[in-house]
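One structure is given below, encoded as C-alpha cells.
Coordinate-derived values only; no laboratory data. Since the structure is predicted, the reported quantities are computational estimates derived from the model, not experimental observations. We place every Cβ from the backbone using ideal geometry, glycine too, and count neighbours over all the protein chains shown.
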Amino acid sequence: MNLSVSLAGLQLATPIMIASGIWGYGDEYTGLGTLEGVGAVVLKTITLDPCVGNEPACRTVETPSGMLNSIGLENIGAEAFLADKLPHLRDLPERRTATPLRIIVSIAGDTVDEFARLAARLEGEAGIDALEVNISCPNVERGGALFGCDANAAAEVTRAVRSACSLPVIPKLTPNVTDIAAIARACAEAGADALSLINTISGMAIDVRTQRPRLGGDFGGLSGPAIRPAAVLRVYQVAQAVSLPIIGMGGVWDAEDVLEFVEAGATAVGVGTALFFDPQRPRKIVQGLEALLREMGAEDIRPLIGAVRLNRGQQID
Amino acid sequence: MSPRAAREPAAARWLRYLAGLGRSWGLEPKAGAELGFRALDQVWMHQGRPRFLFQIFTGPDVTLEGALLTEALATARYGYWEVIAGDTLCKFVESGEVAGPGPPARSLTRAEVVFSAPACRGHHRLVVRCPSVARIAQPGQFLHISCTTEAELDAFAASKNRPTGWSGADLATERTAKAPHWPLLRRPMSIHRIASETTPPAPAPSPVPGQFRRLMDHPCRTQVALLLKLVGLGARRLAQRQVAEWLDILGPLGTPVPIADDLERAIVIAGGIGIAPLAFLAEELALRNIETHLLVGARDRERLPIGVEPDAWERPLASEFRARGIAVDLVTEAEDGVTVAERFEQRRDELLAGGRVEIFACGPRPMLARVCCWRSAWRAEWAPAGRV
C-alpha cells in the first residue's frame with residue numbers, strides 16, 4: 001500500500017497534512033500523538049514583527065457543523081520563531097525517519113515587500129521545507145485577504161516571495177472570491193510550486209439578545225465540516241485550471257473526506273478543525289485510508305488524484 | 001521579603017507545605033510512629049520549581065499514616081525523596097522527573113464519571129476519576145472535554161454519508177433540533193477541586209521497600225471535580241452524563257495561577273461561576289499555610305454553588321473550607337443586598353491590613369472592574385490584582 005505522495009519536490013510519507021494555525025508551533029500538542037501519520041505540518045502564520053492579534057475575549061464560536069475564528073494572525077514574529085521554535089521543530093523525532101515529517105512555514109505581511117523580506121529571512125534556515133504564503137487570512141484589515149482577492153496582487157506577492165528565496169512557494173487561496181481559478185492561474189504564472197486551498201469562508205454570528213456579534217473581532221472565518229462541499233468544489237475548479245499540485249482542505253474528518261479532496265484533484269489534504277476535537281485524528285485517518293483503498297482494490301493513492309468523473313455529458317445506459 | 005519569609009529558608013517553607021498536604025489527607029503523627037521529615041541541604045531549581053531532597057522518618061513499624069504520607073508526597077510534585085522506615089532506608093529516586101523534562105504535562109485520556117448531580121440552580125457538579133490529571137493539576141488549569149459520547153461518534157461514523165445524518169433521530173426534541181450533525185467542539189472547564197478516593201488504601205503490613213512502590217501506584221489524588229454552569233448545548237450535554245459513563249478529556253491545560261513563594265495572605269474573590277477555578281486555588285493556598293480569605297458571591301442563595309448545603313461529596317463545602325482554615329464569606333445579592341465586590345469594598349481595609357497580600361479574582365467583568373478599581377495597574381483576569 002503506497003500512501004506516499006510528492007508535492008512541490010517534497011516527498012511526503014502520507015498525504016495528510018496539518019493545516020496552518022491548528023498545531024501552533026507544536027508545543028501545545030506535545031505528547032498527544034498528533035504527528036503520527038502526518039506527512040507535513042504547516043505552522044501558524046508568522047509575520048516579520050510579533051503581532052498581538054484581535055480582541056482576546058472570544059476568538060472562536062461554535063456554529064452548526066463548524067466554527068468561526070478570529071485570531072488576527074497573533075504570532076511571536078520571525079526572530080522569536082527562528083530562535084525559540086525552529087530548533088525544537090527541526091529536531092523532532094519524526095524528522096529522523098526515511099521520509100521525514102515536512103515542516104512548512106506559513107508567512108504573511110501587510111505589504112509585498114514584507115512578504116519578500118520575511119521569505120528572504122527564512123531562506124537557508126535548516127528545518128524549513130517550504131513556505132505557505134498566506135494571502136487569504138480573513139481576520140486582518142490590511143494585507144491578508146486583500147492580496148488573495150485580486151489576481152494581480154496575488155501574482156505580485158507570489159513573484160516577490162519566489163524571487164526572494166529558493167524554497168518551494170505555496171500560496172494559500174481564499175474562497176471568498178468570485179473566480180478562484182483566475183487567482184490560481186495568476187499564482188501559477190508567477191512561479192508558485194503548489195497551491196493550498198481553501199482558507200476559511202468569512203462569516204459572522206450574532207447574539208440576538210444583545211445584538212452583538214459573538215466574536216470579539218466581529219467577523220471571522222468559518223471552518224469545519226460545514227464548509228467541506230464548498231472546499232471540494234474549489235479544489236476541483238482549481239485543479240481544472242492549473243497543473244500545479246494542490247493541498248486541499250476544509251472540514252476533513254475521516255478517510256472518505258480525504259479521498260473526496262484527492263479525487264477532486266488534491267495531492268495532499270490538510271486536517272484542521274477536527275484536531276481540536278480529536279488530536280489523534282491523523283493516525284485514525286491514515287488507518288481508515290488504508291482500509292478504504294484496500295476495499296476499493298487500490299494499491300496506491302496517486303492514481304486517484306483528480307479521478308473524479310462528472311455526471312454531466314455522460315451517456316445514460 | 002516579609003519578616004517571616006526572610007527567617008525561613010525555602011526548604012522549610014516547602015516542608016510546611018508538605019505538612020499541610022499531609023494534614024489534608026488526615027495524617028497526624030501518632031505516638032510511637034515517629035513521623036518526621038528532614039530536608040537535606042540539596043535544594044535546586046528545576047523548571048521554575050524548587051526541588052529538594054528530603055527524608056521521611058517513620059517509627060519501627062510503617063503505619064498507615066506513613067504510607068499515606070508517602071503517597072501524598074508522590075503527588076506533591078517534588079521529584080526526589082527518600083523514605084526511612086524504621087531502620088530500613090527506602091530510597092525512591094524519581095530521576096526522570098528531576099533530571100529530564102518530566103512526564104507529559106497533559107494527556108488525552110478517558111475518565112470515568114463517579115459523581116453527577118446538580119450543584120445548585122443552573123449549575124451541575126461532575127466528578128471524574130482521572131489520576132493522570134489529578135496528580136499534576138494546578139489551580140487555574142482547565143480540561144478540554146468532549147461533549148460527544150462514544151456511541152454518538154460511532155453512530156456518526158456509521159451514518160455520516162447518509163442523507164438523514166446522524167442526529168436525525170433527535171430532530172424531534174427541542175434542544176437537539178439545532179444540534180449540529182457534527183460532534184461538538186471540546187468545552188473548556190475549569191478544574192474545580194481535586195480529591196482523593198474516599199476509601200484509603202490498606203495499611204502496609206511491613207516496611208519492605210517494594211511496599212511503598214505498590215502503594216504509590218494508587219496515589220491519593222485521583223479525582224477531579226468540575227462545576228458546570230448550564231449555559232449552552234455543550235454544558236447541558238455534559239451534565240447529562242451519568243455515573244459509570246466516560247468522558248474524553250484533554251488536560252490539564254492552561255497556565256496555573258502563580259503563587260508567590262513569600263505570600264502570607266491571600267484574598268480570593270469569586271463571582272458566580274468564578275468559584276469554579278478559585279475553589280481549587282483556595283484549597284492550594286491553605287495547604288501552603290497561606291492565610292486565605294475566600295469571598296463567594298452569587299445572585300441568590302439558590303445559585304450559590306458552594307453553599308452551606310451538603311455538597312457533591314455529602315459534605316458541607318463551605319464548612320469544609322472553614323475547617324481547613326479558609327475564612328469563607330458567602331454573599332448573595334438577594335439576601336445580603338450587596339454584591340461580592342461591594343462586600344470586598346466594605347471589608348477592604350480589614351482584609352488588606354498587615355502582611356504581604358495578593359488578591360485573586362474571577363467572575364463577571366463588572367465585578368472584576370470593581371475589585372480592581374482601587375488599583376490602576378490591573379493586568380488581566382488571572383493576574384494578581386496587586387501586592388500591598
Within 10 Å of each Cβ in peptide A:72-79, how many partner chain Cβ atoms are there on average? Round it to a whole number, please.
-> 0
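By count of other Cβ within 10 Å, fewest leading, how are B:His192, A:His88, B:His123 ordered?
Numbers: B:His192 26, A:His88 13, B:His123 22.
Ranking B:His192, A:His88, B:His123 by Cβ neighbours within 10 Å, fewest first, gives A:His88, B:His123, B:His192.
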Around B:Ile273, what is the net charge, scoring Lys/Arg as +1 and Asp/Glu as -1 over all other residues with Cβ under 11 Å from its Cβ?
-> +2
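Given a Förster distance of 35 angstrom, what is the FRET efficiency for B:Arg348 paired with A:Gln211, based on the Cβ-Cβ distance and rounded to 0.05? Intermediate values should be presented prior to the final figure.
Details: r = 36 Å, r/R0 = 1.04.
The value I calculate is 0.45.
Per residue, how big is the convex hull around the C-alpha atoms of chain A? Give it to me in cubic angstrom, could you? Intermediate values should be presented prior to the final figure.
Values: hull volume 44.2 nm³, N = 317.
So the per-residue hull volume is 139 Å³.
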In the neighborhood of A:Arg283, defined by Cβ-to-Cβ distances under 15 Å, what is the net charge if each Lys or Arg adds +1 and each Asp or Glu adds -1?
-> -3
Mind giving me the nanometre distance, one decimal, between the label points for A:Ala98 and A:Glu55, set 7 Å out from Cα along Cα→Cβ?
-> 5.3 nm
Can you sort B:Cys130, B:Cys120, A:Cys187 by how many other beta carbons sit within 10 Å, fewest first?
-> B:Cys120, B:Cys130, A:Cys187
Add -39500 (n - 2.57) for each DSSP H run of 4 or more in chain A, then divide by its residues: what number comes out at 222 nm, to the nearest 500 deg cm²/dmol?
-> -8000 deg cm²/dmol
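Counting other C-beta atoms within 10 Å, which of B:Glu152, B:Glu302 has the fewest, and how do the rest follow?
Values: B:Glu152 18, B:Glu302 13.
Listed from fewest to most nearby Cβ atoms, that is B:Glu302, B:Glu152.
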Calculate how many DSSP beta bridges within region A:46-133 are antiparallel, expressed in % of all such bridges and rounded to the nearest 5.
-> 50 percent
